[in-house]
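Reading through the structure tokens given below for one structure.
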Amino acid sequence: MRLLSIEDEPKTAAYLHKGLTEHGHVVDTARDGVEGLHLATSGHYDLILLDMALPGADGWQVLRELRGRQRTPVFVVSGRGELEDRVRGLQLGADDYLVKPFAFAELLARIQAVARRAVQPAAADPVVRVADLEVDAARRVARRGGRRLVLTAKEFALLEYLSRQVGQAVPRTLIAEHCWDMHFDSDTNVIDVAVRRLRAKVDDPFEDKLIHTIRGVGYVLEHRTA
Ligand code: CA
């Protein structure tokens with residue numbers, strides 16, 4: 001992907017540039033809001049990483065200006081993690097909001113998730129198949145080995161969310177936001193408990209496990225061949 005990083009702090013800018021480049025992305029960096037807006041509106045980017053405390057025009061101004069002109073996904077990476085800041089960022093049209101300091105693995109996973117949401121409209125193929133597992137989002141039914149799985153509404157929502165992103169690490173925080181409408185990183189233990197219950201139904205009776213843990217990030221639904 002081609003990314004624009006709007007970040008004034010040299011160390012953070014260098015860290016982002018190095019890490020994202022190492023993962024195959026092309027990264028341009030702007031050091032203030034004015035330069036950021038100029039690059040964002042003149043270049044073509046798949047995603048914009050936006051710091052909030054910036055010289056020139058601050059992140060809020062940049063976000064407002066951008067949303068008046070284009071739909072490029074904007075990923076806020078901010079030192080301010082207050083709930084009101086996050087809500088304001090999302091209300092102004094940010095696609096995601098990550099609070100510094102953050103684990104790079106999580107940043108990567110969330111960037112990928114935002115990019116996928118941007119390219120894939122929600123109404124995709126209603127039936128997802130992974131090995132002998134079938135998840136039918138339209139009928140709200142899941143089967144494994146041809147037999148219907150008896151899932152609670154929450155368990156189905158979780159499985160359905162993972163199935164939309166087969167083979168991709170889904171961060172706990174995104175699961176929390178999507179399936180529980182929670183925006184607090186500290187409450188992700190709820191996710192682990194729910195995943196354990198889901199595994200007891202989806203994976204435990206079968207030899208091939210389909211729900212895997214990605215350490216420090218979240219979970220992935222995929223068929224791994226030995
Ligand atoms: Ca800053």
The number of residues in the stretch 1-23 that are away from the ligand (no atom under 16 Å from the Cβ) and open to solvent by 60 Å² or more (accessible area, probe 1.4 Å) is 6
Considering only residues of the stretch 24-34 that are within 16 Å of the ligand (Cβ to nearest atom) and charged (D, E, K, R), which is most open to solvent (accessible area, probe 1.4 Å)? 31
With respect to residue 77, is the statement that it is among the β-branched types (Val, Ile, Thr), buried (at least 18 other Cβ atoms within 10 Å of the Cβ) and under 17 Å from the mean Cα position of the chain (by Cα) true? yes
Which of the residues spanning the stretch 35-57 are surrounded by fewer than 16 Cβ atoms within 10 Å (Cβ to Cβ), of a type outside the set (A, V, I, L, M) and within 16 Å of the ligand (Cβ to nearest atom)? 55
Among 91, 61, 112, 70, which is the only one that is closer than 30 Å to residue 11 by Cα, without any contact (Cβ under 8 Å) to a residue 24 or more places away in the chain and out of contact with any strand residue (DSSP E or B) (no Cβ under 6 Å at 6 or more places or on another chain)? 91
The lone exception for residue 105 - which of (1) surrounded by 18 or more Cβ atoms within 10 Å (Cβ to Cβ); (2) closer than 21 Å to residue 21 by Cβ it fails: (1)
Counting only residues that are farther than 14 Å from residue 212 by Cβ and either in a helix (DSSP H, G or I) or open to solvent by less than 20 Å² (accessible area, probe 1.4 Å) (or both), the stretch 131-157 contains a total of 10
Checked against (1) modelled with pLDDT under 85; (2) under 16 Å from residue 171 (Cβ atoms); (3) exposed (fewer than 15 other Cβ atoms within 10 Å of the Cβ), residue 120 satisfies every condition except (2)
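The values are calculated or read from the model by the stated rules, or taken from the named source; none is laboratory data. Quantities reported herein were computed from a predicted structural model and do not represent experimental measurements. For neighbour counting, all protein chains shown are included, and Cβ atoms are generated from backbone atoms with ideal geometry for every residue, glycine included. These accessible areas exclude ligands, DNA and RNA; they are computed on the full protein's heavy atoms, side chains included. Shrake-Rupley method; radii C 1.70, N 1.55, O 1.52, S 1.80 Å.
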